[in-house]
1. Which of the residues belonging to the stretch 207-229 are within 25 Å of the chain's Cα centre (by Cα) and either touching a residue at least 40 places away in the same chain (Cβ under 8 Å) or under 21 Å from His259 (Cα atoms) (or both)?
2. Consider the stretch 105-140. How many of its residues are more than 16 Å from the chain's Cα centre (by Cα) and either hydrophobic (A, V, I, L, M, F, W, C) or surrounded by 17 or more Cβ atoms within 10 Å (Cβ to Cβ) (or both)?
3. Looking at Ile223, Ile197, Ile274, can you tell me which residue is more than 29 Å from Phe160 (Cα to Cα) and at pLDDT below 90?
4. Can you spot a residue in the stretch 169-192 that is modelled with pLDDT under 85, crowded, with 17+ Cβ neighbours inside 10 Å and under 14 Å from Thr238 (Cβ atoms)?
5. Mind telling me which of the residues Val210, Val228 ends up being over 22 Å from Ile130 (Cβ atoms), touching a strand residue (DSSP E or B) at 6+ places or on another chain (Cβ under 6 Å), modelled with pLDDT of 90 or more and surrounded by fewer than 18 Cβ atoms within 10 Å (Cβ to Cβ)?
6. Condition first: out of contact with any Gly (no Cβ under 7 Å at 6 or more places or on another chain) and under 24 Å from Asp251 (Cα atoms). Can you find one or more residues in the stretch 106-117 that meet it?
7. How many of the residues making up the stretch 241-271 are over 20 Å from Val182 (Cβ atoms), aliphatic (A, V, I, L, M) and either surrounded by fewer than 18 Cβ atoms within 10 Å (Cβ to Cβ) or in contact with a Gly (Cβ under 6 Å, 6 or more places away or on another chain) (or both)?
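The values are calculated or read from the model by the stated rules, or taken from the named source; none is laboratory data. The structure presented is a predicted model; accordingly, all values stated were derived computationally and were not measured. Here Cβ is always computed from backbone atoms with ideal geometry, including for glycine, and neighbour counts include all displayed protein chains.
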Amino acid sequence: MASKEGKYNIKAISKMLGIQAGTLRAWERRYHIIEPVRNTAGHRLYSDEHVAILKWLLDKVNNGFTIGQAVDLFEKNYATMEPVDTMYEKDYSMRLSDDILRSLLTFQENKANQLLNQAFSLFSIDKVTIDILGALLVKVGSMWENNEITVAHEHFVTSFLRTRIGMIFHGMPIDAFKPNVVCVCGPNEHHELGLLIYTLFLRRKGFEVVYLGAGIPESDLEIVIREVGADLFFTSCTMVQNLESTLMVIDELQTRFPHLKIGAGGAAFDQLGIEQRSTYGNTLIGNTQEDWENWLKNNL
């Protein structure tokens, strides 16, 4: 049990937890989640118990919750401090990802929609799309490769996620001063959701994105790039057998459009040899949001 004896002043707490004193006071006034004791001089003193609660709340905020949502979750589910140190041993976003996948693999679309709505009510769009849906896609891909699910399962999951992501995608504002972007899957690629999530990441940043998906002939692709006046082009390749043809498309577009900045991602690119990685290293956008941010920073 954490001690309830007051022993840390607000300056010490601010330094310990990396939270501004003004923010901490505002949380106390609005949410009354903790009540520091006062010393004889009237200064706030915080206990080890208060520190544990604040650490827990900060962890939730850093993982996508608003402070109000984090406080509500704490108050609804945990009346004492003992559970705080053990709860969320597995991040709740991962649990939601597992539950959504389980619902989809049993063709329970209504339940999957409810769970995804819950995720959007608790977390930011970036957290849901990248951490929850992204993790789900990795699991589906692994199950597909290991023949653990049928074609019907994979198509049902893909159709559901494409629809939900598309609903978000088209409701986002566009920054007219940012470069135009074209996104398309590599030749013979049918696993498009990873690219769709990346496209959503770009739209969140205000880029105007033309998402073409899968099955687009290279000749059509060149027409779109010209008509859109694209400055950025992104492609994806999941299946290793499609990697060489995808690299050929990259080479051809780079020759025809020297100004075009090209980025590529997907599991197949992890199989590049040392020489190929040296050649295409500046093209690889990486696998995490941090990687994506860095690629854009280095190429714009």
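1. The initial filter retains those residues of the stretch 207-229 that are within 25 Å of the chain's Cα centre (by Cα), namely 207-214.
Answer for the stretch 207-229, where residues must be within 25 Å of the chain's Cα centre (by Cα) and either touching a residue at least 40 places away in the same chain (Cβ under 8 Å) or under 21 Å from His259 (Cα atoms) (or both): Phe207, Glu208, Val209, Val210, Tyr211, Leu212.
2. Matching residues across the stretch 105-140 total 5.
3. Values: Ile223 fails: at pLDDT below 90; Ile197 fails: more than 29 Å from Phe160 (Cα to Cα).
Matching residue, one of Ile223, Ile197, Ile274: Ile274.
4. Yes, the stretch 169-192 contains a residue that is modelled with pLDDT under 85, crowded, with 17+ Cβ neighbours inside 10 Å and under 14 Å from Thr238 (Cβ atoms).
5. Result: Val228 is the single residue among Val210, Val228 that is over 22 Å from Ile130 (Cβ atoms), touching a strand residue (DSSP E or B) at 6+ places or on another chain (Cβ under 6 Å), modelled with pLDDT of 90 or more and surrounded by fewer than 18 Cβ atoms within 10 Å (Cβ to Cβ).
6. The answer is no; no qualifying residue exists.
7. 0
Okay, residues lined up against (1) in a loop (DSSP other than H, G, I, E, B); (2) within 16 Å of His153 (Cβ to Cβ); (3) modelled with pLDDT of 65 or more:
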| position | (1), (2), (3) |
| --- | --- |
| Gly64 | yes, no, yes |
| Leu73 | no, no, yes |
| Tyr88 | yes, no, no |
| Asp98 | no, yes, yes |
| Leu101 | no, yes, yes |
| Gln114 | no, no, yes |
